[in-house]
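Heads up: the structure comes next, in structure tokens.
Please treat every number below as a calculation from the coordinates, not as lab data. What you see is a predicted model, and the numbers here were worked out from it, not measured in a lab. Here the Cβ positions follow ideal geometry from the backbone for every residue, glycine too, while neighbour counts run over all protein chains shown.
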Amino acid sequence: MMNIPETLTIGAFAKAAGVNVETIRFYQRKGLLLEPDRPIGGIRRYGPTDVDRVKFVKSAQRLGFNLDEVAQLLKLEDGTHCHESADLAAARLADVRLRLADLQRMELALSQLVKACSSSQGKVTCPLIASLHRHAPAGKTYTEGLKRTSLRN
């Protein structure tokens, strides 16, 4: 583990947290990170706790939590609110599963289009390009629209 000095300038803080200075300022504007007082004639200083907080935010983002959800998690970070944390994580997991299902539908549609393109010969319109010109019905995903316009070749 990295030994972090007790007081860091914003640049050193950003570097220690693995982000840029604008990310620090953005998190401060969003209320995810406190902005320390500026001593008279001095510069603001940050410490290891601030570095840990930014790393917490980045870890939560990598798991798919948006910044509002991260703010909620930060309010629960004392570790005594496991049920509430689990509820947030369960909602995120449900969203991830929906995205995965949509990605699997996209994979199927694209693999069918690639296969259709590979089997096309002569001066036939490219099935991929032709399918992109067809529009899915309003409110439907692209892959649902593809199911309605079957690919025959």
Fill in the blank from the handout: Correct semi-axes for segment 1-65, from √(5λ) of the alpha-carbon gyration tensor and rounded to whole Å with the largest first, are 20, 14, 9
Fill in the blank from the handout: So, relative contact order of segment 1-65 in percent, Cα under 8 Å, 6 or more apart, is 41 percent
Fill in the blank from the handout: Each label sits 7 Å from Cα toward the beta-carbon; between residue 108 and residue 84 the label points are separated, in nm, by 4.1 nm
Exercise for the section: Enumerate the calculated ³J(HN,Hα) couplings along segment 72-78 in order (Karplus 6.51 cos²θ - 1.76 cosθ + 1.60, θ = phi - 60°), each rounded to whole Hz, writing x wherever the residue is Gly or Pro. Expected result: 5, 4, 5, 5, 9, 5, 6
Fill in the blank from the handout: Taking r as the C-beta separation of residue 21 and residue 77 and R0 as 25 Å, the FRET efficiency to the nearest 0.05 is 0.55
Exercise for the section: In whole Hz, with x marking every Gly and Pro, tabulate ³J(HN,Hα) for segment 46-55 from phi via Karplus 6.51 cos²θ - 1.76 cosθ + 1.60, θ = phi - 60°. Expected result: 10, x, x, 5, 5, 4, 4, 5, 5, 5
